[in-house]
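Written below as structure tokens is the structure these notes are about.
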Amino acid sequence: MSSPPSSARFDRLRLILLIALLVSFVPALLLAWNRIQYEQSKRTVTVVMDYSALNSQATELGRDWHDLLREYRSYGVNGVAVFEDVVGDYPRRGAAIIRSGSEIVADDPSASVRPNYTYLTSVKPGVVEALRDRYTYRTEQVTWRGRTWIGWPVDIRGLPAGPDTPLISELQRDGLVLVYRPYDVSSVKLGLFATDWPNVPFIVFNGSNLVANNDPERLKTLEERLGSRVPAVIEASVADQQKGIEDVIRDRPAIRLFAIRPEWQRLLDPEETASKYVLAARERSHRLLYVRPYEREDDTKTFLTSLKAGLGRANIQVGMPQMSEYAPSAALRWLSMIGPILALVLMALSYPLSRLGVAAAALTLVGAAVVNHGAPFGTFALVAAVTFPALGLVMRRNKPTDWLLATLLSVMGALFVAALATDRLAMLGLDPFRGVGLTLVVPLLLFGLSLLPRQDIRKTATDLYNTPMRLGDIAIIMFGLAAIALVVLRRGNTPAVGVSDTEAKVRQALQDSMIRPRTKEIFGHPAGILGLTNFFPPYMSYLLLAGGVVGQSSILNTFSHSHTPLLISLLRTFNGIWVGALIGFVLIPIVSRGLQFFKGQIAERRAPKTGQRI
């Protein structure tokens, strides 16, 4: 197998472009260094216990929640999250009495109340009267059995009623990091909205949609009244992301929060749950770890013990996160665009069919711009992500060591992606990389087009059509294409084709002990190395090289996740490279001897036996 044919003039031009590519790599390296320095200074997390869940567990165990929290603090908990009170909490605290109008009428048919209203009367003076002015609903006041009742035309038990100030003050005096969880509902008057929030460091909004998302005036009020409180961005997919949070944090610091839903946690072992929290802190930049107790106290302690140990192994401290924003140099980001442009030109010049190379490069650039709606940084980040994985194997594919050049170019491309795609919102997970799926598909297309020989494309099509194929060859080609398709489909956190239970357990075991390399690289790199050996028929070598391109694409794909610390991505890539290279280069002599043995056996069977007439 050989590289695309070239002329001396094109070779000189490619050499010049490679040198220019190296020079253009300097801004990306500087940005990478600055980002690593920033991320290494942010290795402190807060383990936040949900107060409502804690209190419920204490009640079920017949214990005082203070004692239970004190025990959990010894296992690493250093923060508490407190929900805003709702009106329905008042009767449980002896602050008010709530009766529906129908209940009052059933008890006293002569009472002058509306059956469809909800009525409240204060036990603690002034509590219900304060609620009357809080909401937009019209109310009525009646007297029944010697008490003054205020009625609402709706059931207001679930409406927010402000913070439990005594509880929050007590927790603050105990030195805990407080997280307040307010509700944003339109029925709270704008003049009173967010005026009574406690002075806590972090705010975590409830619900999937902030009312302020659709109300510019309310959004402006919210931004003014947040003060120094830092809103949290809850881990979620793009579709499930809290609506409106991006507008709230656009011009202020924010922090990433990881939590596991209670119904999901009940299905997980304590150690497995702890592993997910450690992974979130180590590899996804979550600095608020929002935890809930298990039903059994022993399971909770096991979970917290494993979490504390895992954070320690990852060199992550438990404490109060210090807030500062990542602000990459705009000048360095603009200069980093030069690299993907040069790579695209270099790839176009390396095609045997020069016009096809130019067309492929132009379509790649236009497609990236369309996917990113013309945003320059996103456009050229995607250009880098789809060009560099194919570039090395388009330029040279003569011998196994050419895989090293392809890998070096892919790592360079990965740092260009990191330089261009990473900004503040991307690191918070609110501005994800556009075109992640294309980073696995387009490089395969670019590589496949480079295989077309330097001749009329119609002749190539005719030659392919007339090529005789054996059933075995067709079966191998179909199997290879199916394997590549399976790899492409198995991407992301919710792949179209999932992993088996056994593979999931192996993955967790690896990620608990190291920065786990990606499966695509463990298999893709050896495939690429073997594809460069010329051991196989051309079609089989091309299939193996396509697998190698998938391995290279996986490198770039890794760096498209800006919320993952850059050093983690580099370590994952390094582990994938050395493991893949070790497997690939060890397989070369094994496969060579195996093929020689196989060919010898075939030759022996076909050779005429002694005395046989021919």
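Figures for the structure shown
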| item | result |
| --- | --- |
| Potential lengthening between residue 123 and residue 157 on full extension [0.36 nm per residue; Cα-Cα distance subtracted] | 10.6 nm |
| Interchain or long-range residues, amide H under 5 Å from residue 319's placed H | 45, 46, 47 |
| Average projection area in nm² (convex hull over Cα atoms of segment 320-360, one quarter of hull surface) | 4.7 |
| Heavy atoms of residue 423: accessible area, 1.4 Å probe, square angstrom to 10 | 40 |
| Dmax and Rg, reported as Rg then Dmax, of segment 87-152 (C-alpha, Å) | 11.3, 30 |
| Residue-wise HN-Hα coupling along segment 354-371, computed from phi with Karplus coefficients 6.51, -1.76, 1.60 (Hz; x: Gly, Pro) | 4, 5, 5, x, 5, 4, 5, 5, 5, 5, 4, 5, 5, x, 5, 5, 5, 4 |
| Between 0 and 90°, nearest 10: helix 457-466 axis offset from the chain longest Cα axis | 80 |
| Efficiency of FRET between residue 582 and residue 74 - r from beta-carbon atoms, R0 45 angstrom, step 0.05 | 0.55 |
| Lys/Arg +1, Asp/Glu -1 at C-beta; the chain dipole; positive extreme among 587, 105, 227 | 587 |
| Cut-off 15 Å (backbone N to label point 7 Å along Cα→Cβ of residue 225), residues of segment 240-255 | none |
| Over 21 Å (Cα to Cα) - which of 243/308; 276/308; 42/308 fall in this group | 243/308 |
| For the chain, size of Cβ-based charge dipole, Lys and Arg +1, Asp and Glu -1, in debye | 2740 |
| Dipole moment magnitude, nearest 20 debye, segment 87-152 about Cα centre, only Lys, Arg, Asp, Glu C-beta charged | 180 |
| Over segment 200-338: Kirkwood hydrodynamic radius from C-alpha pairwise inverse distances, Å | 17.2 |
| Stokes-Einstein D (µm²/s) once Rh is taken as the Kirkwood radius of segment 1-91 over alpha-carbon pairs, at 20 °C in 1.002 mPa s | 109 |
| Per principal axis, descending, Cα span of the chain in whole Å | 120, 58, 46 |
| Charge dipole of segment 270-354 about the Cα centre (unit charges at C-beta), most positive-ward option of 343, 312, 285 | 343 |
| Positive-end residue of 418, 574, 393, charge dipole of the chain with Cβ unit charges | 393 |
| log₁₀ of I(q)/I(0) at q = 0.10, 0.11, 0.18 Å⁻¹ - segment 345-470, Debye sum with one point per alpha carbon | -0.37, -0.44, -0.98 |
| 5 angstrom amide H check on residue 100, placed H, neighbours 5+ away | 119 |
| Stretchable slack from residue 141 to residue 574, in nm (0.36 nm times residue separation minus alpha-carbon distance) | 148.7 nm |
| Segment 300-395: C-alpha pair distances exceeding 15 Å, % | 71 |
| Helix-only CD estimate at 222 nm, as mean residue ellipticity for the chain, using -39500 (n - 2.57) per DSSP H run (n ≥ 4) | -17500 deg cm²/dmol |
| Euclidean distance of C-alpha centroids, segment 40-93 and segment 212-235, integer Å | 25 |
| With every protein chain in place, the chain: carbon and sulfur % of accessible area (1.4 Å) | 59 |
| Average accessible surface area per residue within segment 87-152, 1.4 Å rolling probe, Å² | 54 |
| Descending semi-axes in whole angstrom, ellipsoid equivalent of segment 123-240, from the Cα gyration tensor | 29, 20, 13 |
| Longest segment of the chain lacking trypsin sites (Lys or Arg not before Pro) that sit in a DSSP loop with at most 10 other Cβ atoms within 10 Å | 146-469 |
| Simple spin-label estimate for residue 592 and residue 97 in nanometres, 7 Å along Cα-Cβ | 9.4 |
| Diffusion constant of segment 45-127 at 20 °C, which comes from Stokes-Einstein with the Kirkwood Cα-pair radius and 1.002 mPa s, µm²/s | 136 |
| Helix 402-421 vs. the chain, principal-axis angle (Cα, 0 to 90°, nearest 10) | 30 |
| Partner lysines for residue 399 [C-alpha distance under 25 Å; skip if fewer than 8 residues away on the same chain] | 520, 599 |
| Between 0 and 90°, nearest 10: helix 297-313 axis offset from the chain longest Cα axis | 50 |
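The values are calculated or read from the model by the stated rules, or taken from the named source; none is laboratory data. Keep in mind it's a predicted model, so treat the numbers as computed, not measured. Heads up, the Cβs are rebuilt from the backbone with ideal geometry, glycines too, and the neighbour counts pull from every protein chain shown. Please note that ligands, DNA and RNA were not included when accessible areas were found on the heavy atoms of the full protein model with its side chains. Shrake-Rupley method; radii C 1.70, N 1.55, O 1.52, S 1.80 Å.
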